[in-house]
1. Per DSSP H run of n ≥ 4, the term is -39500 (n - 2.57); total these for the chain, divide by its residue number, and report the mean residue ellipticity at 222 nm rounded to 500 deg cm²/dmol.
2. Could you work out the per residue convex hull volume over the alpha carbons of the stretch 2-189, in cubic angstrom?
3. When a footprinting reagent is the concern and you count Cβ atoms within 10 Å, what order do Asp143, Asp91, Asp164 take, fewest first?
4. Using θ = phi - 60° and the Karplus curve 6.51 cos²θ - 1.76 cosθ + 1.60, what whole-Hz ³J(HN,Hα) does each residue of the stretch 65-79 get, with Gly and Pro shown as x?
5. Report the relative contact order of the stretch 2-189, percent, no decimals, based on alpha-carbon pairs under 8 angstrom and at least 6 residues apart.
6. How big is the dipole moment of the chain about its Cα centre under a simple scheme where the beta carbon of each Lys and Arg is +1, that of each Asp and Glu is -1, and everything else is neutral? Debye, nearest 20, please.
7. Tell me, in nm to one decimal, what length is gained between Arg13 and Ala108 on full extension, where the rule is 0.36 nm per residue of separation less the Cα-Cα distance?
8. Provide the net charge surrounding Gly148, with neighbours chosen by a C-beta distance below 14 Å and charges set as Lys +1, Arg +1, Asp -1, Glu -1.
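Every number here is computed from the coordinates shown, using simple stated rules; none is lab data. Please read all numbers here as calculations on a predicted model, not as lab measurements. As a convention, Cβ positions derive from the backbone with ideal geometry for all residues, glycine included, and neighbour counts pool all protein chains shown.
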Amino acid sequence: MLLAGGAGTRLGRPKALVELGGLTLAERGVALLRDGGADPIIVVTGAAPVSLPGIITAHNPHWRTGMGSSLREGLQTLSAERDAVVIALVDQPLITPAAIQRLIAAFASGARLAVACYQGKPRNPVLIGREHWTEAAAAARGDAGARGFLRARPALVTAVECGDVASPDDVDTPEDLARVAALLGDPSRVPGCPRHA
């Protein structure tokens with residue numbers, strides 16, 4: 001599941017539609033999940049429409065209230081036939097398929113709640129087993145998403161170190177976008193480049 005509903009207020013436009021390296025952040029997020037082994041892929045939209053081939057779209061009419069409502073919308077869209085869901089955020093383009101693969105591998109080894117960590121610090125993406133979806137949805141409030149739910153259950157959470165294969169950097173501001181673009185080698189987004197917009 002890719003949470004892509006926000007308006008990107010500090011960035012000046014919806015993050016899902018921001019282009020980086022020739023792809024929108026939504027396209028990057030879908031490719032990340034697909035290449036990491038997630039299937040099917042649900043994209044939760046809100047401030048901007050996202051239409052991509054081969055995905056399930058869930059529109060969150062309450063996107064203005066924050067990420068929590070998008071998580072609830074996405075969890076309600078999931079098929080009960082699925083055993084777990086990997087949840088990624090559209091504004092973290094330095095997450096790699098390897099991080100998704102590690103979460104799925106942790107699930108295959110018995111983890112029912114798994115969190116990607118970077119030098120030991122929990123961030124995103126996360127994996128939630130089906131038996132926890134109802135509680136996770138009920139706990140999702142504001143911009144916290146699944147954070148409160150997971151922090152309340154430390155004994156159940158498997159930490160999956162991903163700092164060697166990914167980075168959780170968020171794209172929240174134009175400065176963030178320029179920094180991440182430089183890391184990805186996209187000169188069109190680096191200030192001073194004639195193509196920078």
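1. When only DSSP H runs of four or more count, the value is -8500 deg cm²/dmol.
2. That works out to 107 Å³ per residue.
3. If I rank by nearby Cβ atoms, fewest first, I get Asp164, Asp143, Asp91.
4. Each residue of the stretch 65-79 in turn: 7, x, 4, x, 5, 5, 4, 4, 4, x, 5, 5, 7, 5, 6 Hz.
5. With pairs under 8 Å counted, the relative contact order is 24 percent.
6. Dipole magnitude for the chain comes out near 340 debye.
7. Here the segment from Arg13 to Ala108 would lengthen by 30.4 nm.
8. Net charge in that neighbourhood comes out at +3.
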